[in-house]
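Worksheet: the structure to be examined is printed underneath.
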Amino acid sequence: MPSLLIKNGRAIDPSQGMDRVTNLLIRDGKIAGYDTQPNGQDRIIDAAGKIISPGLIDMHVHLREPGREEDETIATGTAAALAGGFTSIACMPNTEPPTDTQASVEFIQHQAARADHCNVYVIACVSKNREGKELAELGQLVQAGAVGFTDDGAPVYDPELMRRAFEYCLMFDKPILNHAEVRELTKGGVMHEGLTSLLLGLPGMPGAAEDVMVSRDILLAEATGGRIHVMHVSSGGSVEIIRRAKLREVRVTAEICPHHFTLTDECLRSFDSNFKMSPPLRGRRDVEVCLAGLADGTIDVICTDHAPHAPEKKMRELDQAPFGILGLETCLGLVVTKLIEPGILDWPTAISKMTINPAQVLGIPKGTLAVGADADVTIIDPDIRWTVDSSRFHSKSVNTPFTGWQLRGRAQTVIVGGRVKYELP
Ligand SMILES: [Zn+2]
Ligand SMILES: [Zn+2]
């Protein structure tokens, strides 16, 4: 495998507390050393003015395959991940059929290996067939390589099932990831319940629907000693509940998606279904509390909840259109433009939420540029300005609310296992 020298870049690796200009050597697919001088390496990449980051990790991606290949495939989704700067992703099990057996985990691993884009980790179902009735064979799924469990798309509803999932997972130290939503409170809803839903006459989904289930999950994790990862936090209430739980050392981590810290329910005034997702875009005050939660460490991870839907589905009337938007190819630009530029997060903190923190939640050996680690590296141009154009996306779908947005910051070169897999044209 060719050796590679990335020179004069600002290496930011929160896993080692590193932030300095250096030359990074990659050899045999591994991080081989720092401050190496050019000396016969097969390729030299000039990274002056650029940031050398551990390869970005997105721990919440819907790849849709098997079952909904008209929306996305493992090949197109992982190509989109690379273009967004991600070297590793974790995919959600709400496929058709759901990812609830060893064979279904292995199918995804096989397709990902065949696509040969980025690393794909599989998150498997908590319950058989995602029905919320009976636990899936968690031990066998761990053996097949599952790194966590969720019934995402839907919550794990039965508290007894949830409790047993926590207890069972203690054996493997795997997290349960839950989509927190009390369905009786959101039934028929298309957007956040608030002044805007009232003005628009649209059925609402209150923040309390999220807060109540986040509370339940935290209390069950506390009672069992299990690990809960709160998916796509959107309400200010749940940020405050998670913050208090962390103070009493409950094993809770949390993630947020860019749309929840950049957009509000006011966007629904357009009646554009690209603003329809679950949980919904919340009010201004919720966004402020989420930003504070990102800054003070209550929210550990930034991920995308990349949810492709083919145009003919997303183009339906607002109440008929499915929930969810794309995320992989806009995430980094939104983080730079909306969190780093305004000074809400500094570069090392932002990078930690997209590298070492998700790696630790999932227990995967990624998210670090330590010598000897797999050479997964994202070289970021922090200054480049670009316009979001979904017709240029690598994803098979185009359902983004960010079309036409001017963003700053983008992945320039993406290296997976020592091989250059993506270069910005
Ligand atoms: Zn979800
Ligand atoms: Zn999701």
### Task
Consider Leu291 carefully, then state whether it is open to solvent by 20 Å² or more (accessible area, probe 1.4 Å) and at pLDDT 95 or above.
yes
### Task
Enumerate the pairs (first residue in region 117-134 and open to solvent by 50 Å² or more (accessible area, probe 1.4 Å); second residue anywhere and part of a strand (DSSP E or B) and of a type in the set (Ser, Thr, Tyr)) with beta-carbon separation below 8 Å, excluding pairs fewer than 6 apart on the same chain, so at least 6 apart or on different chains.
Lys133/Ser127; Glu134/Ser127
### Task
Please tell me if Pro358 is open to solvent by less than 10 Å² (accessible area, probe 1.4 Å) and either touching a Leu at 6+ places or on another chain (Cβ under 7 Å) or not hydroxyl-bearing (Ser, Thr, Tyr) (or both).
yes
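Regarding region 118-127, can at least one residue be identified that is aromatic (Phe, Trp, Tyr) and within 16 Å of ligand 1 (Cβ to nearest atom)? Can you show your working first?
Quick first cut of region 118-127, residues aromatic (Phe, Trp, Tyr) only: 121.
Next, only the ones that are within 16 Å of ligand 1 (Cβ to nearest atom) stay: none.
No, because not a single residue in region 118-127 is aromatic (Phe, Trp, Tyr) and within 16 Å of ligand 1 (Cβ to nearest atom).
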### Message
So, Met354, is that one under 19 Å from the mean Cα position of the chain (by Cα) and within 16 Å of ligand 1 (Cβ to nearest atom) or not?
### Response
no
### Task
Considering each residue of region 16-47, count those that are closer than 17 Å to Ile415 by Cβ and small (Gly, Ala, Ser), and give that number.
4
## Note on the structure
Per the filter on region 255-299, residues among the charged types (D, E, K, R) and either in contact with a Pro (Cβ under 8 Å, 6 or more places away or on another chain) or within 16 Å of ligand 1 (Cβ to nearest atom) (or both) are Glu255, Asp265, Asp272, Lys276, Arg282
### Query
Looking at (1) farther than 22 Å from Ala11 by Cα; (2) surrounded by 18 or more Cβ atoms within 10 Å (Cβ to Cβ), which is the only condition Gly404 fails?
(2)
### Task
Would you mind finding the one in Thr224, Thr304, Thr253, Thr298 that is open to solvent by 20 Å² or more (accessible area, probe 1.4 Å), of a type in the set (Val, Ile, Thr) and within 17 Å of the chain's Cα centre (by Cα)?
Thr253
### Message
For region 170-180, give me each residue that is surrounded by fewer than 21 Cβ atoms within 10 Å (Cβ to Cβ) and in contact with a helix residue (DSSP H, G or I) (Cβ under 9 Å, 6 or more places away or on another chain).
### Response
Leu170, Met171, Phe172
### Message
So, in region 265-288, exactly how many residues are part of a loop (DSSP other than H, G, I, E, B) and surrounded by fewer than 18 Cβ atoms within 10 Å (Cβ to Cβ)?
### Response
2
### Message
Take Leu326 and tell me if it is of a type outside the set (D, E, K, R), crowded, with 24+ Cβ neighbours inside 10 Å and away from ligand 2 (no atom under 13 Å from the Cβ).
### Response
no
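Test Phe323 against the stated conditions and say whether it is of a type in the set (Phe, Trp, Tyr), touching a residue at least 12 places away in the same chain (Cβ under 8 Å) and more than 18 Å from Val190 (Cα to Cα).
no
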### Task
Specify the residue that is surrounded by the fewest Cβ atoms within 10 Å (Cβ to Cβ); the eligible residues are those in region 227-240 that are in a helix (DSSP H, G or I) and away from ligand 1 (no atom under 16 Å from the Cβ).
Glu240
### Task
Considering each residue of region 303-320, count those that are in contact with a helix residue (DSSP H, G or I) (Cβ under 6 Å, 6 or more places away or on another chain) and within 16 Å of ligand 2 (Cβ to nearest atom), and give that number.
2
### Query
Across region 150-181, what is the number of residues that are more than 14 Å from ligand 2 (Cβ to nearest atom), among the hydrophobic types (A, V, I, L, M, F, W, C), closer than 21 Å to Cys91 by Cα and part of a loop (DSSP other than H, G, I, E, B)?
1
### Qualifying positions in region 361-397 - over 27 Å from Pro322 (Cβ atoms), out of contact with any Leu (no Cβ under 8 Å at 6 or more places or on another chain) and not β-branched (Val, Ile, Thr)
Gly363, Pro365, Lys366, Gly367, Ala370, Gly372, Ala373, Asp374, Asp376, Pro382, Asp383
### Task
Check His259 against each of (1) in contact with a Leu (Cβ under 9 Å, 6 or more places away or on another chain); (2) part of a loop (DSSP other than H, G, I, E, B) and name the one condition it does not meet.
(2)
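The values are calculated or read from the model by the stated rules, or taken from the named source; none is laboratory data. Here the structure is a predicted model, which means the values were calculated and not measured. With ideal geometry, Cβ positions are generated from the backbone for all residues, glycine too; neighbour counts draw on all protein chains shown. Heads up: the accessible areas ignore ligands, DNA and RNA and are worked out on the full protein's heavy atoms, side chains in. Shrake-Rupley method; radii C 1.70, N 1.55, O 1.52, S 1.80 Å.
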